[in-house]
Every structure is written in structure tokens, then in C-alpha cells.
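Data block below; observations after.
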Amino acid sequence: MDETILAEKEAMLESIRSDVADFGKERRDLIPILQMIQERHAYLSPEAIKTVAEHLDIPTCEVFGVATFYNQFRFHPPGRHPIKVCLGTACHVRAGDIILENFERKLGIRDGETTSDKEFSIERVACVGCCALAPVALVGETVHGKMAPSKVEGLLLRIQIEKEKAERERREEEEK
Amino acid sequence: MKLVNLSINDKEIQAEEGMPLLQVCLDNDIYVPNLCYLEGMEEPHASCRLCFVEIEGRPVASCTVKVRDALVVRTDTEQVRRLQRTALQFLLSTHHVNCKECPANKKCELQRIAKFLKVGLKPKHLEQHLKDIETDDSHPVLNYYPNRCVLCGKCIYVCRKKHGHALLTFAKRGIHTVISFYGKEDMERLPGKECLACVKICPVSAITLKA
């Protein structure tokens with residue numbers, strides 16, 4: 001398992017290195033490069049940031065400073081079940097922040113982060129377009145309206161059970 | 001070099017034309033609270049909002065005013081003091097006031113300015129907004145304390161002056177802004193313990209050498 005992750009990381013870095021080489025080395029190239037990496041790999045890893053810094057010959061921390069200023073860049077890979085909690089006006093009024101807090105506490109991560117088993121990531125978003133159902137959370141592509149703190153655990157549990165079930169079925173399939 | 005005459009708090013003062021007004025005040029023993037200004041800055045970024053003075057009835061940040069002839073300045077009007085107190089209280093509302101255990105105690109610029117402006121260190125009408133991380137120990141030889149930091153940017157300035165580029169930077173945005181070394185830098189590219197410019201310049205001991 002660890003080896004495949006390592007190999008994936010290495011492959012990603014290799015592809016970033018060759019992609020970055022196509023860009024200029026001026027300061028104005030920094031944001032386009034970061035956008036390109038994020039678009040192709042969904043996040044900016046520490047190694048990716050270092051690669052960019054080396055390409056532009058600027059300190060790593062400067063790349064980090066620029067990247068963290070913008071909301072569009074993420075620094076953790078999205079999980080298999082990305083959770084998006086809406087904090088738009090309607091959801092905010094309906095205490096969406098408490099829903100977010102609940103997800104954070106249950107999963108032990110902060111918004112913008114990913115659990116260590118890569119199953120879940122939490123993100124805050126601004127309006128998903130169904131304010132009448134506020135407060136709203138998205139798990140993957142599924143919208144969960146009229147969320148309540150008590151529903152959070154159930155949601156996570158259901159995903160967990162579904163995952164176990166799928167695994168069991170797969171194992172049975174293999175045994176046959 | 002051309003000398004100009006100006007008046008600060010009814011005192012006649014001669015100064016070099018084009019000097020930052022804040023510098024002229026300080027050189028003439030007229031204290032104006034300030035956190036982010038350093039002598040010799042080409043373009044002070046005026047981010048601490050403490051160095052207000054009044055010129056022709058208007059408050060202006062004195063670090064950004066270039067001295068010219070016949071300027072009439074007051075540094076101690078009620079209007080100016082009110083702005084300074086508010087700015088300081090905002091800074092204190094994101095500051096972990098724990099002077100007893102803080103290495104900056106008694107040489108801290110915040111303490112000094114609070115005393116000068118007669119502001120309590122714990123503003124009662126403002127909510128405290130502290131950052132979750134008390135210590136950032138990602139740097140190999142330095143520690144950073146986000147809840148002490150006043151984000152004056154002096155460390156970044158001196159670092160850039162000394163090394164040609166800054167090895168620390170502002171990261172994130174708004175109320176989440178912190179100074180970051182970004183720990184993934186290679187050790188060979190860092191001066192390590194050789195250069196402690198940022199530690200020495202910090203007015204509130206938010207960057208310290210690892211114990």
C-alpha cells in the first residue's frame with residue numbers, strides 16, 4: 001500500500017517536473033504554473049511547491065506565501081469522499097458552521113485537510129444552489145439538505161458500512 | 001541635500017527634505033508609536049496603523065509622509081490618539097497576553113506602546129481571536145509563535161536586505177495571516193544559526209532560537 005502511494009507520488013513529481021519546464025522563469029509565471037499543477041493533480045504537494053521554487057529560482061517560502069493567499073489552491077489531496085459544507089448566507093444563518101465543526105471533530109481534520117487513510121476531505125464552499133434546504137452538505141456529488149449535527153455521524157457511518165460491504169462482496173467474488 | 005523648516009507640536013524643527021516624517025519626529029525626541037517602520041525603508045508599507053499624526057486637521061500615517069517646507073504637524077491630538085488606541089486594541093485582540101512567560105517581557109514594543117497610549121493589555125470590548133497553533137516549530141533552528149506576532153513584517157524586510165531574498169514570508173490571508181518559513185526548504189539553503197536578523201529585529205519575540 002505504502003509503496004504504491006510512494007510510486008504514485010514519484011510519478012506525479014516526475015510529470016510536474018516536465019510540465020513546469022515548459023513555463024518561463026519570470027515571477028509572473030508563478031501563478032499560472034501553480035494553476036496548471038492544481039488542475040492536473042488536484043493539489044499542491046510540498047514537493048511540487050519546491051519544484052516550482054527551484055524552477056523560478058526563488059525561495060520555497062515565497063511560493064508557499066503566494067499559494068496560501070489564494071483560496072483556489074489546496075495543499076492536501078482530496079479524499080475519496082470529498083465533503084463540502086456550505087457556508088453561504090442561508091446555510092450560515094442556519095448554523096452551517098456547526099455542521100462543519102461536527103465533520104471536523106468526527107473526522108479529526110480541519111477544513112482543507114484530508115484524513116490519513118485518504119477516505120475523507122473537508123472543504124467549505126459558498127452556496128451550492130439549494131438554499132431552501134439549508135444547512136447543506138455535499139458528500140461526493142450527493143446533496144444532503146436540512147443537515148443537523150446528529151446526522152453527521154450517520155452519514156459517515158453509512159459510507160463506512162458501504163465500503164465494508166463492497167469489500168466483503170469483492171472478497172466473496174474472489175473466493176468463488 | 002536641502003533643509004526645510006517644519007513645526008511639530010509647535011516646536012520649530014529643521015530636517016532634510018524628503019525624509020519620512022516619522023523618522024524626523026523620532027530623531028527630535030518626539031515619540032510616535034510605531035511597529036512596522038525601520039530606518040532606511042524605501043517604501044514603508046504603513047501596515048501597523050500606529051504612527052498617525054495630524055496634518056492640517058487630517059490624520060495621516062507619518063511613515064509615508066515625506067517632510068516638506070512649512071509643514072505643520074501635531075502628534076498628540078485626541079483624534080490621533082483615538083485612532084492609535086483602536087489600532088493597538090485590534091492588535092492586542094489577536095495577541096496572546098501572557099507577559100509573565102514571554103521572553104519579550106519588559107522589552108516588548110506592545111507593552112511600551114500600550115503604556116504610552118494608556119491602553120489596557122486586554123481590551124474588554126473586543127473578542128479575543130487567537131490562532132490554534134501556539135508554536136510553529138517547522139524551522140530547523142527557529143520557533144515561531146503566531147499568537148505573539150504583530151505581523152509588522154520587519155523580519156521579512158531584514159531578511160531580504162541581508163540575503164537578497166526573504167527566507168520567510170507572509171502566508172495565508174486576512175485574520176489567518178502568519179509568518180511562515182515553510183519548513184520544506186533545504187537546510188543548505190538556510191543560514192541556520194549564523195544569521196539571527198529576524199530574531200533580533202522582532203519587537204515582540206515572536207521568533208526565537210530553538211531552546
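The values are calculated or read from the model by the stated rules, or taken from the named source; none is laboratory data. Values in this document were obtained by computation on a predicted structure and should not be read as measured data. We place every Cβ from the backbone using ideal geometry, glycine too, and count neighbours over all the protein chains shown.
Just one of the numbered conditions (1) over 26 Å from A:Leu56 (Cβ atoms); (2) polar (S, T, N, Q); (3) within 14 Å of chain A (Cβ to nearest Cβ) is not true of B:Asn98: (3). Checking A:Ile161, A:Ile98, A:Ile122 one by one, the residue that is β-branched (Val, Ile, Thr) and within 28 Å of A:Ile31 (Cβ to Cβ) is A:Ile122 and no other. Of the candidates A:Ser45, A:Ser15, the single residue that is among the hydroxyl-bearing types (Ser, Thr, Tyr), surrounded by 11 or more Cβ atoms within 10 Å (Cβ to Cβ), under 30 Å from A:Phe103 (Cβ atoms) and touching a residue at least 24 places away in the same chain (Cβ under 8 Å) is A:Ser45.
Residue-wise test of (1) at pLDDT below 90; (2) at the interface with another protein chain (Cβ under 9 Å from one of its Cβ atoms); (3) under 17 Å from the mean Cα position of the chain (by Cα).
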site: A:Ile33; (1), (2), (3): no, no, no
site: A:Gln38; (1), (2), (3): no, no, yes
site: A:His41; (1), (2), (3): no, no, yes
site: A:Ala48; (1), (2), (3): no, no, yes
site: A:Glu54; (1), (2), (3): no, no, no
site: A:Glu62; (1), (2), (3): no, yes, no
site: A:Val66; (1), (2), (3): no, yes, no
site: A:Asn71; (1), (2), (3): yes, yes, yes
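Restricting A:Ala148, A:Ala137, A:Ala126 to those that are modelled with pLDDT of 90 or more, out of contact with any His (no Cβ under 6 Å at 6 or more places or on another chain) and in the same structural domain as A:Thr89 (by TED's automatic domain parsing) reduces the list to A:Ala148.
In region B:162-173, the qualifying residues are those that are over 17 Å from the mean Cα position of the chain (by Cα) and either part of a loop (DSSP other than H, G, I, E, B) or free of Cβ contacts under 8 Å to residues at least 24 places away in the same chain (or both), and the one that is farthest from the other protein chains (Cβ to nearest Cβ) is B:Gly164. Please determine whether any residue of region B:177-189 is farther than 21 Å from A:Phe69 by Cβ, within 14 Å of chain A (Cβ to nearest Cβ) and surrounded by 20 or more Cβ atoms within 10 Å (Cβ to Cβ). No, there is no match, as no residue in region B:177-189 is farther than 21 Å from A:Phe69 by Cβ, within 14 Å of chain A (Cβ to nearest Cβ) and surrounded by 20 or more Cβ atoms within 10 Å (Cβ to Cβ). Of all residues in region B:141-166, those satisfying the criterion of being more than 13 Å from B:Ser205 (Cβ to Cβ) and either among the aliphatic types (A, V, I, L, M) or not assigned by TED's automatic domain parsing to the domain that holds B:Lys200 (or both) are B:Val141, B:Leu151, B:Ile156, B:Val158, B:Ala166. Is it fair to say B:Tyr145 is over 14 Å from B:Thr94 (Cα atoms) and either touching a helix residue (DSSP H, G or I) at 6+ places or on another chain (Cβ under 9 Å) or more than 9 Å from every other protein chain (Cβ to nearest Cβ) (or both)? So B:Tyr145 fails the test.
Checking each residue in region A:140-165 for being surrounded by 12 or more Cβ atoms within 10 Å (Cβ to Cβ), assigned to a helix (DSSP H, G or I) and among the aliphatic types (A, V, I, L, M) picks out A:Val152, A:Leu155, A:Leu156, A:Ile159.
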